[in-house]
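The values are calculated or read from the model by the stated rules, or taken from the named source; none is laboratory data. All values reported here derive from a predicted model rather than from experimental measurement. Glycine gets a Cβ as well: all are built from the backbone with ideal geometry, and neighbour counts include every protein chain shown. Protein only, heavy atoms only, side chains kept; ligands, DNA and RNA dropped before computing areas. Shrake-Rupley method; radii C 1.70, N 1.55, O 1.52, S 1.80 Å.
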Amino acid sequence: MGRLGEVLRQRRERGEGSLLTYLMAGSVPPEKFLSCVRAFRAAGVTGLEVGFPFSDPMAEGPVIQRAATLALARGTRWSDLLELLPQVAEELPVAVMTYLNVILRHGGGKALEELRSHGADAVILPDLPLEGLRDLGAHRAVKGLDIVLLASPATGAERLRRLARHTEGFLYLVSRYGTTGLGGGTTPSTKTHALDLTEEIRQVHAERPKLPILAGFGVRHAQDIRSFLQQGADGAIVGSLLQDRLNEEAQVSELDALVRALVQGLAKTSTGP
Amino acid sequence: MPEWYGPYGGSYVPETLVPALKELELVWKSARRDPEFRSRFQDLARDWGGRPTPLYFAERLTREVGGAEIYLKREDLVHGGAHKLNNALGQGLLALRLGKRRLIAETGAGQHGVATAMIGAKLGLSTEVYMGAADMERQKPNVLRMRLLGATVRPVTQGQQTLKEAINEALRDWIANVQDTHYLLGSAVGPHPFPSLVADFQSVIGRELRRQSRARWGRDPDLVLACVGGGSNAIGTFHPLLRGPARLVGVEARGSGEPSGWGAASLVRGSVGVLHGMRTYLLQDEEGQILPTQSVSAGLDYAGVGPEHAWLKDSGRVEYTSATDREALEAFHRLARTEGILPALEPSHALAVALQRATTLPRDQHVVVTLSGRGDKDLAEVERFGPPR
């Protein structure tokens, strides 16, 4: 298990909620990116999700799409990610989020090895379903690099148990129908609100009691995080809210303030695991 | 229905879409065994859609080219002006069976958007079509047609503002609205079961063509050509002929033809990767980012291709080649002036290669080109390029 998975598991055992924050590599210069990471660590964030841009990110809403466009326009390359990762890893445990084509183009298993050797603990590929794990072949077993699977409100009970069995490090539970942030095509459905995940979370923990579950997509307030924890999740992932400020070239202090407010949502609640 | 074509195909989608894709496959499997569904489909295809389409001997063109006999499979005569209705009709009926009340679609040239708008109107389903803003500009007549048919056209302003981005947006809409919406994908691309589903609905082209050619000259054609963007008219043409003797040629768009440019020829110039839920040939850079494409024809202007074509290329059963913007335009003018038919710019690419090949073949051979659509939508583009040389 990667360091991130281990930290999340320990926090779950202690009944502490966790918060992962997402930033897109290359969407701002590395110095600013690292300033944010340091501020997030000081604010009490558990781990960082580092996005790597893909030209056609089908699971992303407008904010992360724009971040990818900005990062690619700045000429962001795989080698830039590998340069950034060790510096991020000095501050916080790291999960890399990108799309399958990027990983395959950099050699599949070879790319995973590179991520691991540069400090990544986990990789999240939203277009890699359970059935696609074999595409990463024998290299799946890169020691210390977890391949995190996602589950969604559309996932049925049986499949949810399979996802719980096969995910590594933690389970990424998508909390709504839609893309990241509040996106979902030009006409977001009225149904894209966060759903009650209590039953899903119960089923996953019945299958694998020690597995941390983090909820994400559209998280904006400390109250959203508190609500996930009350439903039995072990934490939340926040991306678009922060990346939107970064896209608008906000100061690090502004992101810092947002994260400090979000961390309030982790304050101990009566419902432990 | 196959999910894999050799190493190509698959279903690389966010988890939210997995149940909907499985449900679509199950519903199609039951529908195609259901006599009631089949008879409704066939009645509509005939009385509303105008099937079967003729296999037409282009006699003057043949004489002018001087070689093998050239025939056109007239999909331009299908209701709406293109082969796209074959699939839209089938999937529209499946949407009803799925209990979905809303259709979404992507469109490049606008023909699939028009076909979806037509079936949406016919079945009383709300219809929204995603179309790249650049394509809306160059295929204006189809934008107007979709609106008149009651569909909402949603401009896509990301990236190159063409077909690839329209598919991205339709997929994102589907992720948000999958509970009440069917994504009526128009080409033989995307995650399983779409490539095989679309091939099933389009194979009527090849079945009719085989029957017509056997009735006419007693055997399969010698050479059959179709244009390939995502590849739906080509797969529909080729499928029933794969086990026969016909030589099959798919023609991609090479754009302006400059050596530095890729055009949109993903099979001819691309490499293997994963896009839009499928493993296939893509135009991509060494970093795995999808490259911009360029073609005069919006319907062929796409960086990927259906996975079955990828496999037919590797297996050698189908030959894939390309034609430039200029070659397609010359073929367009030639057909207009010899046969009184304005073809769409997409099949003009296939026609261009057919004319080159026919001159080299003996007179007793039969060449068939699938004329996948009519050219009314392209008049402004054709005019922009000026008169024929």
Restricting the search to the stretch A:118-133, which residues are farther than 25 Å from A:E90 by Cα and open to solvent by less than 30 Å² (accessible area, probe 1.4 Å)? A:P126, A:D127, A:L128, A:P129, A:L130, A:G132, A:L133
Can you find a residue in the stretch B:329-347 that is within 20 Å of the chain's Cα centre (by Cα), of a type in the set (V, I, T) and open to solvent by 20 Å² or more (accessible area, probe 1.4 Å)? no
Are any residues in the stretch A:94-132 within 21 Å of A:L214 (Cα to Cα) and touching a His at 6+ places or on another chain (Cβ under 7 Å), and if so, which ones? A:L130
The condition from (1) under 20 Å from the mean Cα position of the chain (by Cα); (2) within 30 Å of B:P191 (Cα to Cα); (3) among the charged types (D, E, K, R) that B:D314 misses is numbered (1)
Take the residues of the stretch B:159-197 that are in contact with a Pro (Cβ under 7 Å, 6 or more places away or on another chain) and aliphatic (A, V, I, L, M): which is farthest from the other protein chains (Cβ to nearest Cβ)? B:A188
Quick check on B:K73: is it within 19 Å of the chain's Cα centre (by Cα) and surrounded by 19 or more Cβ atoms within 10 Å (Cβ to Cβ)? yes
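Looking at the stretch B:113-138 only, could you name the residues that are part of a helix (DSSP H, G or I) and open to solvent by 10 Å² or more (accessible area, probe 1.4 Å)?
Residues satisfying the conditions are B:M118, B:A121, B:K122, B:L123, B:A133, B:A134, B:M136, B:E137, B:R138.
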Odd one out for B:V367, checked against (1) assigned to a strand (DSSP E or B); (2) closer than 24 Å to B:H112 by Cα: (2)
Single residue of the stretch A:164-184 satisfying the filter (surrounded by fewer than 24 Cβ atoms within 10 Å (Cβ to Cβ) and outside any loop (DSSP other than H, G, I, E, B)) that is farthest from the other protein chains (Cβ to nearest Cβ): A:R165
Does B:R74 fit the bill of being in contact with a strand residue (DSSP E or B) (Cβ under 9 Å, 6 or more places away or on another chain), touching a residue at least 60 places away in the same chain (Cβ under 8 Å) and more than 23 Å from B:S232 (Cα to Cα)? no
Please pick out the residue among B:R138, B:R97 that is touching a residue at least 24 places away in the same chain (Cβ under 8 Å), within 19 Å of B:F194 (Cα to Cα) and among the basic types (K, R). B:R97
Looking at B:V305, B:V296, B:V268, which one is more than 14 Å from the chain's Cα centre (by Cα), surrounded by 23 or more Cβ atoms within 10 Å (Cβ to Cβ) and more than 14 Å from chain A (Cβ to nearest Cβ)? B:V296
Please enumerate the residues belonging to the stretch B:272-293 that are assigned to a loop (DSSP other than H, G, I, E, B) and either buried (at least 22 other Cβ atoms within 10 Å of the Cβ) or at the interface with chain A (Cβ under 8 Å from one of its Cβ atoms) (or both). B:H276, B:G277, B:L283, B:E286, B:E287, B:G288, B:Q289, B:T293
Scan A:L85, A:L81, A:L104, A:L115 and give me the residue that is among the aliphatic types (A, V, I, L, M), in contact (Cβ under 8 Å) with a residue 12 or more places away in the chain and open to solvent by 10 Å² or more (accessible area, probe 1.4 Å). A:L104
Among B:V251, B:V268, the single one that is in contact with a His (Cβ under 6 Å, 6 or more places away or on another chain) and not in a loop (DSSP other than H, G, I, E, B) is B:V251
When the stretch B:94-109 is checked residue by residue, the ones that are at pLDDT 95 or above, open to solvent by less than 10 Å² (accessible area, probe 1.4 Å) and outside any strand (DSSP E or B) are B:L94, B:A95
Of the residues A:K191, A:K143, which is under 30 Å from B:T157 (Cβ atoms) and at pLDDT below 95? A:K191
Within the stretch A:134-159, of all residues that are surrounded by fewer than 16 Cβ atoms within 10 Å (Cβ to Cβ) and among the aliphatic types (A, V, I, L, M), the one nearest to the other protein chains (Cβ to nearest Cβ) is A:A157
Out of everything in the stretch B:12-54 that is away from chain A (no Cβ under 14 Å), outside any helix (DSSP H, G or I) and over 23 Å from the mean Cα position of the chain (by Cα), what residue ends up being surrounded by the fewest Cβ atoms within 10 Å (Cβ to Cβ)? B:R33
Kindly provide the set of residues from the stretch A:105-127 that are in a helix (DSSP H, G or I), within 10 Å of chain B (Cβ to nearest Cβ) and out of contact with any helix residue (DSSP H, G or I) (no Cβ under 7 Å at 6 or more places or on another chain), ordered by number. A:R105
Inside the stretch A:88-101, can you point out the residues that are touching a Gly at 6+ places or on another chain (Cβ under 9 Å) and surrounded by fewer than 20 Cβ atoms within 10 Å (Cβ to Cβ)? A:A89, A:E90
Flagged in the stretch B:365-380 as more than 19 Å from B:R60 (Cβ to Cβ) and either open to solvent by 20 Å² or more (accessible area, probe 1.4 Å) or small (G, A, S) (or both), in numbering order, are B:S372, B:G373, B:D376, B:L379, B:A380
Matching residues, the stretch A:215-225, being part of a helix (DSSP H, G or I) and open to solvent by less than 70 Å² (accessible area, probe 1.4 Å): A:A222, A:D224, A:I225
Checking B:Y302 against (1) of a type in the set (F, W, Y); (2) in a helix (DSSP H, G or I); (3) touching a Lys or Arg at 6+ places or on another chain (Cβ under 7 Å), which single condition isn't satisfied? (2)
